[in-house]
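The numbers here are math on the coordinates, done by the rules we state, and not lab data. From a predicted model like this one, the values you see are computed outputs, not experimental measurements. A quick note on method: Cβ atoms are made from the backbone with ideal geometry, for glycine too, and the neighbour counts reach across all protein chains shown.
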Amino acid sequence: MYIPNKIVLFLPEDVSNPEIVEVTDFVKHKTSNENKATAHVCRNRFCKFPTKDIDKMLEMLKVNKK
């Protein structure tokens, strides 16, 4: 799905010091819910409640599913 003007960062939980933290420490304290992929939708360093639901994530991103 093409979603312009958005950035997706992947933070692996099975790595003790992931490289992404060297790029941005913003993700350092983000965690998954129930050990499942979790979306933290943020704007200007303020994040909404995390979700595991892809439809909810797309809604928070203001993306229309096709």
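Ranked by the mean number of other Cβ atoms within 10 Å of their residues, highest first, the peptides 1-10, 31-40 fall in the order 31-40, 1-10. The H on the amide N of residue 30, modeled in the peptide plane, is under 5 Å from the matching H of no residue at least 5 residues off or on a different chain. Once a ≥ b ≥ c are taken as the square roots of the eigenvalues of the Cα gyration tensor of the chain, is the result rounded (a/c under 1.5), prolate (a/b larger than b/c) or oblate (a/b not larger than b/c)? Prolate is the answer for the chain, as a/c is 1.5 or above and a/b outweighs b/c. Note that segment 6-17 has calculated 3J(HN,Hα) couplings of 10, 10, 10, 10, 9, 10, x, 8, 8, 10, 6, 9 Hz, one per residue in order, obtained from phi through the Karplus relation 6.51 cos²θ - 1.76 cosθ + 1.60 (θ = phi - 60°); glycine and proline are x.
Estimated from helices alone, the mean residue ellipticity of the chain at 222 nm is -3500 deg cm²/dmol (sum of -39500 (n - 2.57) over DSSP H runs with n ≥ 4, per residue).
Charge dipole of the chain (Cα centre as origin; +1 on each Lys and Arg Cβ, -1 on each Asp and Glu Cβ, all else neutral): 480 debye, rounded to the nearest 20.
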